[in-house]
Amino acid sequence: MNLFEDDQILEFQDTIDKWITNSVTPNHPSWEKQGIMPRQVWCEAGELGLLCLTQEEKYGGLGLDFRYSAIIYHQLMKAGASATAVGFAVHSDLTANYINHFGTHEQKLKWIPDMACGKKIGAIAMTEPAVGSDLANISTKAELVGDQWVLNGQKTFISNGMSADIIVVVARTEATPGKPHAGISLFVVERDTPGFSSGNCFNKLGLKAQDTCELFFENCKVPKENLLGKAGEGFVYLMKNLGIERLGIAVMCMGQALGAFETTLKYTSERKAFGRQIASFQNSKYKLAEMKMNLDVGYAYIQKCYREFLEGKDITVSASSAKLWASEMSSKLIDDCLQLHGGYGYMDEYLISRLYRDNRVQRIYGGTSEIMKEVIAKSILSN
Ligand SMILES: Cc1cc2nc3c(=O)[nH]c(=O)nc-3n(C[C@H](O)[C@H](O)[C@H](O)COP(=O)(O)OP(=O)(O)OC[C@H]3O[C@@H](n4cnc5c(N)ncnc54)[C@H](O)[C@@H]3O)c2cc1C
């Protein structure tokens, strides 16, 4: 089963799979122990053209469409390298993409080529300790003083937060009572900026090799030219990218679901109880049949969303449906797969155990399942 069937994408998928088998899978357990991926992985991925590949060649990218980045995250997730998939997606499809969409030619030239080769790592900082879903109500402030923006505030749960060199930060530039969306802007903050610091990595349920942490801005002085686009337009910019970001999460969920399905098919075909293959029990067969059906349905819908996106259609609502459906479906599917493994499914050395831990967050980040329902409901109801 493949996410896309085009020959060129399948060829690219082969290259990714070889890299995952040789360089990622054997090292992932040690990255999990360290709680972070080494920089060398980023450089290797950059060399192979796996970072920022949707960016134009003049900025170090390959000028490919978003199906090519999706296939990287899908294959990494399928193999259980979830932290790597999330790290790369945040770096390439979020951080670099914001710079590409809303930055000037000079800004793109300054930051994207270093991100494309893996020399510099990207992160996006929206969430704050008191505000996640209700993003318009952030309190991190940016004030223009002379030719610098002075940032004060705190961000939390930031993926790649410890390694990031280039951070797109969402901050309030204007108090707009009654219209909180209006006074928000995006800035690029570089790690060595005075007044910027990051906290320790959080201990998490899953994504153990992901460096998720807090970021602090204390009179952090950012050059005036690091504002992305226009002041006050930040919220609109965030909304513009949400479709492709959420579709990316749906793809990752499908990767995890496929990985779980394949490993469970193999396990239940080999393991025996009562003198029979586990897979031969009616309950197992029906569960596996349901999984196959869900995978087929999910891929068909996601392929449709990508077609529409590449045709330039607005996918805000369909990507929310894809994220909601794929995250909820994969969560149930992986739970069923773990059950079919019996006690071995609870052991760390089994892929299904890691998929179970790593999948849970898919229903939370990038907008929770409840927020996805809000988006869909808004599109069908007038109030
Ligand atoms: C591992 C991980 C990585 C992350 N990476 C990043 C990152 O790189 N950058 C970043 O900026 N953020 C990141 N986040 C933050 C993530 O996007 C937020 O956690 C998420 O948006 C939810 O916000 P919250 O945690 O504040 O929950 P809250 O907004 O406090 O929500 C709590 C509960 O209330 C529900 N709720 C809230 N509002 C409504 C409503 N209107 N209707 C119904 N129910 C509602 C939610 O669905 C949820 O169930 C990450 C989070 C995690 C766990």
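Read-outs: derived from the displayed coordinates by stated rules, not from any lab. Just so we're clear, the structure is a prediction, and the values are computed from it rather than from any experiment. When we count neighbours, we look across all protein chains shown, and the Cβ atoms used for this are built from the backbone with ideal geometry, even at glycine.
Quick notes
- With a Förster radius of 41 Å applied to the beta-carbon distance between LYS179 and ASP147, the computed FRET efficiency rounds to 0.90.
- CD proxy at 222 nm, helix term only [per DSSP H run n ≥ 4: -39500 (n - 2.57); per residue of the chain; nearest 500]: -15500 deg cm²/dmol
- When the chain is treated as a GNM with alpha-carbon contacts under 10 Å, the residue of GLN282, GLN13, GLN75 showing the greatest mean-square fluctuation is GLN282.
- Dipole axis of segment 7-121 (+1 Lys, Arg; -1 Asp, Glu on Cβ), positive-most option in MET77, LEU94, ASN22: LEU94
- When each of the peptides 208-217, 16-25 is scored by how many other beta carbons lie within 10 Å of its residues on average, the order from highest to lowest is 208-217, 16-25.
- Working note: Karplus 6.51/-1.76/1.60 with θ = phi - 60° gives segment 231-242 the couplings 5, x, 9, x, 5, 4, 4, 4, 5, 5, 8, 4 Hz, where Gly and Pro are set to x.
- Residues whose amide H lies under 5 Å from that of ALA209, counting only those 5 or more places away or on a different chain, are ALA83; hydrogens are built 1.01 Å from N in the peptide plane.
- Gyration tensor (alpha-carbon) shape descriptor, the chain, a/c threshold 1.5: prolate
- Using the Karplus relation 6.51 cos²θ - 1.76 cosθ + 1.60 with θ = phi - 60°, the per-residue 3J(HN,Hα) values for segment 145-160 come to 10, x, 9, 9, 8, 9, 9, 9, x, 9, 10, 9, 6, 8, 5, 6 Hz, with x marking Gly and Pro.
- A dipole drawn for segment 123-232 from +1 and -1 charges on Cβ atoms has a positive end, and of LEU227, VAL169, GLY183 the residue lying farthest that way is GLY183.
- Taking θ as phi - 60° and the Karplus parameters 6.51, -1.76 and 1.60, the scalar couplings of segment 12-19 work out to 4, 4, 4, 4, 4, 4, 5, 5 Hz in sequence order, x denoting glycine and proline.
- The alpha carbon gyration tensor of segment 235-380 gives principal lengths a ≥ b ≥ c with a/c of 1.5 or higher and a/b greater than b/c, which makes the shape prolate.
- Cα gyration tensor shape for segment 123-232, rounded if a/c is under 1.5, else prolate or oblate: oblate
- Sites ALA130 and SER379, calculated FRET efficiency, Cβ-Cβ separation with R0 30 Å, nearest 0.05: 0.60
- Magnitude of the charge dipole for the chain, about its Cα centre and with charges confined to Cβ atoms of Lys, Arg (+1) and Asp, Glu (-1), is about 880 debye.
- Low-density loop cleavage sites - GluC sites (Glu not before Pro) in segment 325-383, where at most 14 other Cβ are within 10 Å (DSSP): GLU349
- Annotation for segment 285-309 versus segment 131-201: alpha-carbon center distance of 38 Å.
- Amide H contacts of ILE184 (H built 1.01 Å from N, under 5 Å, at least 5 apart or other chain): THR173, GLY232, GLY234, PHE235
- Filter on LYS292/LYS332; LYS179/LYS313; LYS155/LYS179 - keep pairs with C-alpha separation over 18 Å: LYS179/LYS313; LYS155/LYS179
- Residues whose placed amide H lies under 5 Å from that of LEU215, excluding near-sequence neighbours: LYS155, THR156, GLY199
- Total lysine pairs whose alpha carbons fall under 14 Å of each other in segment 7-121 (8 or more apart, or interchain): 6
- Fluctuation leader among VAL169, VAL361, VAL189 - the chain, Gaussian network, Cα springs under 10 angstrom: VAL361
- Proximal aspartates and glutamates relative to LYS373, as straight alpha-carbon distance under 14 Å, when same-chain residues fewer than 8 apart are discounted: GLU328
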